[in-house]
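Undergrad: Let me give you the structure first, and then I'll get to my questions.
The values are calculated or read from the model by the stated rules, or taken from the named source; none is laboratory data. The model shown is predicted, which means the values in this text are computed figures rather than measured ones. Neighbour counts are summed over all protein chains in view; Cβ atoms, including those assigned to glycine, are modelled from backbone coordinates with ideal geometry. Accessible surface areas use protein heavy atoms only, side chains included; no ligands, DNA or RNA. Shrake-Rupley method; radii C 1.70, N 1.55, O 1.52, S 1.80 Å.
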Amino acid sequence: MLLLAGGRVVTPGGVLSPGWIRLAGPVIDAVGSGDAPEPSAVDLRGQWVLPGFVDLHVHGGGGASFTEGTQDDARKAAAFHRARGSTSLLASLVTAPLAELQARAAMLADLADEGVIDGLHLEGPFLAPARRGAQDPRYMLAPDVAAFERLHAAARGHLRIITLAPELPGAAKVIKAATRAGVTVAVGHTDATADVTLAAVDAGATHATHLFNGMRPWHHREPGAAGALLDRDEVTCEVIADGVHLHDIAIRLAARVKGPGRLVLVSDAMAAAGMPDGRYQLGSARVTVAGGVARLLEDPGPAGPPDDPSQATPADRADDPGQAGTGAAAGAIAGSTATLADVIRHAIAAGLPVPDVAAAASTTPARVLGLADRTGALSPGLAADLVVCDDDFRPRAVMRQGRWLAAP
Ligand SMILES: [Zn+2]
């Protein structure tokens, strides 16, 4: 049995400082506080031990992606994120022609069969062109149960989350079909009002894709999707807490309203995560990364409804024209270049307590995936998925199912 001792161990019951973890092969056998109960422990003094991260929203990383390229590229993207602490992750696809989405879902289902990824997230194609962000409006479709069923069948039981815009005609039927199939329905890339969003939650939607980004912003007389998703207790909310997509106040308010049991930190990483500035691809869109911020090079297709300048704040137009603004244009933010570890570090710097961050990065997303009985916390009986971080919360070692992964 392997014993890890001396570090600050973050458990659902609080931080054990020092604490120890005893492993039985791929599983956590026991967790305790104080000095190591037996000698020959791995010494983790001065380090934090967090549960392995669970990233529900990832398009790529390390120069490779899930949205295009080969199966080997997808393996490379998954390995990139695992080595940086995301011991569980979904592969997120963006809007593309239906036949292409089916083919990619089938290809990624092979990797889910192998355990390389923990399933698929479809961010599209049933999205609102008016809130398209970096997604290609040419391939956006009205929600359609037959199209959903083709995609669901292609993923062979590995489709975990589908993001859709509930104001589109047919959305309620797809929400019900997906919920019946055991697929989590997320509201996102939507221009829905608060009332329409509440109706979607009543129909079965339980998750928010990158809260605030790609949706009608909060207004006190029309709280929009953001207000409704914050308001309803059954909804878990993703936030991209990377310091680019959201102001720290938005991160803190979302954390306070939802609490760690309903907040989900995600990376929304694309291929450029961990790579130098330059040109990259996100689905059909060409993206340029400068100063670590990924933006569309050009608008990928015909415009959606024209922007109403009276509705857009200067911040919408200049700083975040795509995901936070009305409509989208060249220059829209196109995913992030952060890993979930980067997001965690930023969330802690923004003032979120470490145990709450661990819940939002591991425990809560594991529950959303239905994996809470296997991973997501440093608790006896769960998989030995853990991340050893230094004082600045930079990952120094990652263990997945009891095995150390190669350091990045
Ligand atoms: Zn995304």
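Undergrad: Looking at (1) over 21 Å from Arg262 (Cα atoms); (2) outside any loop (DSSP other than H, G, I, E, B), can you tell me which one Asp392 breaks?
TA: (2)
Undergrad: Of the residues that sit in the range 243-255 and are open to solvent by 30 Å² or more (accessible area, probe 1.4 Å) and in a loop (DSSP other than H, G, I, E, B), which one is farthest from the ligand (Cβ to nearest atom)?
TA: His247
Undergrad: Checking Leu211 against (1) more than 30 Å from Ala349 (Cβ to Cβ); (2) within 14 Å of the ligand (Cβ to nearest atom); (3) within 18 Å of the chain's Cα centre (by Cα), only one condition comes out false. Which one?
TA: (1)
Undergrad: Please specify each residue of the range 32-71 satisfying the condition of being open to solvent by 40 Å² or more (accessible area, probe 1.4 Å) and within 22 Å of Val357 (Cα to Cα).
TA: Across the range 32-71, the qualifying residues are Ser33, Arg45, Gly46, Gln47.
Undergrad: Assuming Arg75 fulfils every condition listed in (1) open to solvent by 40 Å² or more (accessible area, probe 1.4 Å); (2) outside any loop (DSSP other than H, G, I, E, B); (3) farther than 20 Å from Phe53 by Cβ apart from one, which condition is it?
TA: (3)
Undergrad: Condition check: surrounded by 24 or more Cβ atoms within 10 Å (Cβ to Cβ) and at pLDDT below 95. Does Ile333 satisfy that?
TA: The answer is yes for Ile333.
Undergrad: Specify which of the listed residues (Arg104, Arg156, Arg150, Arg82) is among the charged types (D, E, K, R), at pLDDT 95 or above, in contact with a strand residue (DSSP E or B) (Cβ under 7 Å, 6 or more places away or on another chain) and more than 28 Å from Leu4 (Cβ to Cβ).
TA: Values: Arg156 fails: in contact with a strand residue (DSSP E or B) (Cβ under 7 Å, 6 or more places away or on another chain); Arg150 fails: in contact with a strand residue (DSSP E or B) (Cβ under 7 Å, 6 or more places away or on another chain); Arg82 fails: more than 28 Å from Leu4 (Cβ to Cβ).
From the options Arg104, Arg156, Arg150, Arg82, the qualifying one is Arg104.
Residues are listed down the side, and each one gets a yes or a no for (1) under 24 Å from Thr337 (Cβ atoms); (2) more than 14 Å from the ligand (Cβ to nearest atom):
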site: Val201; (1), (2): no, yes
site: His219; (1), (2): no, yes
site: Arg232; (1), (2): no, yes
site: Val257; (1), (2): no, yes
site: Val264; (1), (2): yes, no
site: Gly274; (1), (2): yes, yes
site: Val287; (1), (2): yes, no
site: Leu296; (1), (2): yes, no
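Undergrad: If you don't mind, another one. Taking interchain pairs and intrachain pairs at least six residues apart, which have beta carbon atoms under 7 angstrom, with the first residue in the range 115-139 and within 14 Å of the ligand (Cβ to nearest atom) and the second among the charged types (D, E, K, R)?
TA: Final answer for the pair search is Leu120/Arg160; His121/Arg160; Arg131/Asp191.
Undergrad: Out of all the residues in the range 160-198, which are β-branched (Val, Ile, Thr), closer than 14 Å to Leu369 by Cα and surrounded by fewer than 21 Cβ atoms within 10 Å (Cβ to Cβ)?
TA: Within the range 160-198, just Thr179 meets the criteria.
Undergrad: For the range 196-206, state whether one or more residues are of a type outside the set (A, V, I, L, M, F, W, C) and assigned to a strand (DSSP E or B).
TA: Step one: of the range 196-206, the residues of a type outside the set (A, V, I, L, M, F, W, C) are 197, 202, 204, 206.
So of that shortlist, the ones also assigned to a strand (DSSP E or B) come out as none.
Looking through the range 196-206, none of the residues is of a type outside the set (A, V, I, L, M, F, W, C) and assigned to a strand (DSSP E or B).
Undergrad: Only one of Leu111, Leu98, Leu90 is crowded, with 24+ Cβ neighbours inside 10 Å and modelled with pLDDT of 95 or more; which?
TA: It is Leu90.
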